[in-house]
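The structure appears right after this line, and notes come after that.
The values are calculated or read from the model by the stated rules, or taken from the named source; none is laboratory data. All values derive from a computational prediction rather than experimental measurement. Cβ: placed from backbone, ideal geometry, glycine included. Neighbour counts: every protein chain shown.
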Amino acid sequence: MEDEMFKKIQETLAGALGVDAEEVELDASLTRDLGAESIDFIDIIFRLEKAFDIKIPSGELFPGHLLNDERYVREGRVTPEGLQELKIKVPYLAVDTFAQDPQVSKLAEHFTVQMVVHYIEDRLAKQPRS
Amino acid sequence: MTIRGIGIDLITYSKARKFLSTHGREKANRLLTASEKKTWAAKSFSERHFSCLLAAKEACFKAQNRAWMGTQGFSDIEVNTGSRGEFQVSARNSGKGPVCRGWGSFFSNDKYVGAQVILWDNTPECG
């Protein structure tokens, strides 16, 4: 089941980003390695919703709105409070890695295939079984 | 009045075409403001128009130096296009909050459209 799910995610991301499925490795960054831009993240969300028959609320998979709060950002960098909030609200994100250079503009570089897999696993685990 | 930021973005027509053919007009509408939906409903909704809107919104988003815009972020930015390749933008914070305004211009060739925008901080708390 896990392999099947990963394959489905691989195909979904490959289709959205116009890359070969083999390039969609777990540790690949969606932006740095696979060339994703903002519109691609929207495309990915819509495709995942369709592929897994789920609804992905705004900001749940790829955060961003959290950092519109001025308590969490100072001079373009995420504050310790902001990092803590990211850990709580977006447990799929590798916050500790991002914390090494927490520039807001670099957050999307930390959106990885692994993060998508964890999110989908979690969502499917919480779904009532038929 | 001070400059909040400048932003620039390119969108290939093929990317906009792919998005529209995969998800359709209904999903594309989720990226537009109510006013933009009305405007585009009255015109034919071409991939070229859609590309212009996306490029302008992304450029505006970059001028704000934010993390990632999401569907809410796209629909927080309103683009009003002029007749000479110029446009005006206004950006809200998560559907509420103060408005930043700016203006910009498009440039294009047969493969892509680009947008460059300058955004003004016209309220001290503009965020």
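Just so you know, in the stretch B:6-57 the residues that are surrounded by fewer than 17 Cβ atoms within 10 Å (Cβ to Cβ) and assigned to a strand (DSSP E or B) include one that is nearest to the chain's Cα centre (by Cα), and it is B:I8.
Reported count of residues in the stretch A:90-130, each being touching a residue at least 40 places away in the same chain (Cβ under 8 Å) and either aromatic (F, W, Y) or outside any helix (DSSP H, G or I) (or both), is 4.
Just one of (1) more than 11 Å from the chain's Cα centre (by Cα); (2) farther than 30 Å from B:E26 by Cα fails for A:S38. It is (2).
Against the conditions (1) assigned to a loop (DSSP other than H, G, I, E, B); (2) touching a residue at least 12 places away in the same chain (Cβ under 8 Å); (3) more than 14 Å from every other protein chain (Cβ to nearest Cβ), A:Q10 satisfies every one except (1).
Answer yes if at least one residue in the stretch A:75-83 is within 13 Å of chain B (Cβ to nearest Cβ), within 27 Å of B:I11 (Cβ to Cβ) and out of contact with any His (no Cβ under 7 Å at 6 or more places or on another chain), and no otherwise.
The answer is yes; a qualifying residue exists.
Looking at the structure I just gave you, is A:D69 surrounded by fewer than 17 Cβ atoms within 10 Å (Cβ to Cβ), within 29 Å of B:G7 (Cβ to Cβ), within 14 Å of chain B (Cβ to nearest Cβ) and modelled with pLDDT of 90 or more? Explain how you work it out, then say what you get.
On the way: surrounded by fewer than 17 Cβ atoms within 10 Å (Cβ to Cβ): yes; within 29 Å of B:G7 (Cβ to Cβ): yes; within 14 Å of chain B (Cβ to nearest Cβ): yes; modelled with pLDDT of 90 or more: no.
No: the conditions fail for A:D69.
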